[in-house]
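Everything on this sheet refers to the single structure shown next.
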Amino acid sequence: MPAAGPLGPRTPASRPARRTADRTPEWLPDPDAPDDPERGDRGSPHPSTARVPGSAITSRMTLSWKLVIDSRNAPALADFWAEALGYEVENPGPLIEQLLTAGHIGEEAIAEYRGHKTFRGYAAIRHPDDPFDETSGIGRGRRLLFQDVPEAKTGKNRLHLDIHAEPGGLDALVARLETLGATRVSEVDKGPAGHWWVLRDPEGNEFCAA
């Protein structure tokens, strides 16, 4: 049974999150939404509007999800977490060109980052082994979406990520994370019950290396 750390149970799927809801704009297609004939093949614009015809959500259904993280500089924070986790930064360039050509978005919705077009205020990363939509670049599996918000982070996270090292590799993992921009907060050594470091990412979100 994994040990419980100072930031909560040691669960691999946890991640920093704040009080702000997912602000994904309607023109940014969501890969988890079902197809909607009224919107062509792009599906419902957001999970909150997704419909499951002829059925209701029950406890026996398995739902798809992504983790949405508030940020001050979404592309830069996405770069950090992609390097930390070995994930890939999504490239929305082809989708942006399609939306611009069709007149669905204007230039004000677009920004440039490292020579590529991105949706202003948004960036996402995906697991390299999971499927993704080749047109939009949007992952259909394990995925983190970063969205810029005006307010700063306040208080400790109620949700956080644990990054697990190979046996005996905790010190090397923490050192690598530091070179990427993480900072150490505290070390916790419970002996057989667990050994981990609490760290902060470049925007101050707490996470653990265990």
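Dividing the Cα radius of gyration of region 63-152 by 2.2 N^0.38 Å, with N the residue count, gives 1.06. Rounded to the nearest Hz, the phi-derived 3J(HN,Hα) couplings of region 69-74 under the Karplus curve 6.51 cos²θ - 1.76 cosθ + 1.60 (θ = phi - 60°) are 10, 5, 8, 9, 9, 4, where x marks glycine and proline.
Is there a pair in LYS66/LYS156; LYS117/LYS153; LYS66/LYS153 whose C-alpha atoms are over 24 Å apart, and which pairs would that be?
Table pairs above 24 Å Cα-Cα are LYS117/LYS153.
Treat region 154-210 as a sphere of radius equal to its Kirkwood radius over Cα pairs and apply Stokes-Einstein at 4 °C in a medium of 1.567 mPa s; give the translational diffusion coefficient in µm²/s, rounded to a whole number. For the chosen part, D equals 112 µm²/s.
Since every read-out is calculated from the coordinates, none of them should be taken as a lab result. On a predicted model such as this, the values are computed, not experimentally measured, just so you know.
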